[in-house]
């Protein structure tokens, strides 16, 4: 498979993998009150399932980044999709929090970690001059996945006491089938999917040299810290916002799950398309434009996070949620490109893994922390507190733009 037609097929396949990769994460959030009731546990216990997922992902993803720089990315992509799909499928049989920790928290978290770095760096290799645009297209699959899968999960969760199990079984099975399609389609003969040259022909770079090459770039550190802040908000929002709409406004399970993902990710879809195209257009004039776009996204989102927590009715809350989603999409469109702009291309996969590891580990407490705020203060306060992390992320990006990007920039 080669040429533009082949690349379009690859982008479609990655779009589908992203659809499942991101969408299946939201099943727990969409059906959280029903899972909690089924198991008879406190909110923090269910929040811990998402926390374990984030920790597993964060621990495994640096290894996945190293593997993507050294080995055949075809196998990493296929293995990642197959593993997280198996974890999602068996989550449908979980009989308690412990089983869900194993299937969803550990197995699915490990699988997703091995899929992502290889996928991102592969996409970079086939779209060097338009990476932000290509990533925006594939990222649209994740938004569509969250909308569709979360809505279906909410519908089944509200239909019966054990309806929350159905989307795990359904989409886990689809994911296993999709991994088989990837294995059959992404042939080893594609040069972008091949492993690097054999050791005797490969430039030897020690692990610690690779790590030093990344941490020596303050811009990369700023981008990583911004990712931490964004992901903390993302975990808190996606885990608890369905429950917030149900309890605060009296929405049904299906309506809460559908409204959150539809309007928030519809806004994100337009934000990621706009942000990606703007950055690709102006990056040759200003090497720091990607950081500026990410910064603008976070800063724009701050007032709407607060607004969706305290507005008096569900309609206004959804409007705020949509604008918050637009802001998040603008940020998403350029955060990886910002990292790649300052890191040698030999280290892109490992840098991606290191960024994601830091982000997932440091933000993993969000579901539990927000759950505790719900218990001790109020649901409104717990949701509104997330705005502080968007504000902090915009500050570190501003520091990177003002003081470090021109020194660190190494282009494509």
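Built from the Cα atoms of the chain, the convex hull projects on average onto 18.2 nm², one quarter of its surface area. Relative to the dominant Cα principal axis of the chain, helix 348-363 is inclined by about 20°. Counting other Cβ atoms within 10 Å as a rough exposure proxy, the listed residues 164, 183 run 183, 164 from fewest neighbours to most.
A simple spin-label model places the labels of residue 249 and residue 184 4.3 nm from each other, with each point 7 Å out along Cα-to-Cβ. Shown for 332, 341, 286: other C-beta atoms within 10 Å of each C-beta, ranked fewest to most, produce the order 286, 332, 341.
For a Förster distance of 45 Å, can you work out the FRET efficiency between the beta-carbons of residue 381 and residue 216, rounded to the nearest 0.05? It comes out at approximately 0.65.
Backbone N atoms of the stretch 313-330 closer than 19 Å to the 7 Å Cα→Cβ label point of residue 285 are not found in any residue.
Separation of the stretch 336-412 from the stretch 258-298 is 15 Å, based on Cα centroids. Just need the relative contact order of the chain here, percent rounded to a whole number, with Cα pairs under 8 Å and 6+ apart. Relative contact order comes out at 26 percent. Relative to the longest principal axis of the Cα atoms of the chain, helix 289-310 runs at roughly 0 degrees.
Residues 291, 354, ranked from the fewest to the most other C-beta atoms within 10 Å, line up as 354, 291. With Cα atoms as the point set, the stretch 302-412 shows a radius of gyration and Dmax of 17.1, 51 Å.
For the chain, the mean residue ellipticity at 222 nm estimated from helices alone is -26000 deg cm²/dmol, where every DSSP H run of n ≥ 4 contributes -39500 (n - 2.57) and the total is divided by all residues, rounded to the nearest 500.
In this calculation the C-beta distance from residue 391 to residue 99 is compared with R0 = 35 Å, giving a FRET efficiency of 0.35.
Quick note: the coordinates plus some simple rules give every number you see, no bench work behind them. Note that this is a predicted model, so its numbers are computed, not measured. Cβ atoms come from the backbone with ideal geometry, glycine included; neighbour counts cover every protein chain shown.
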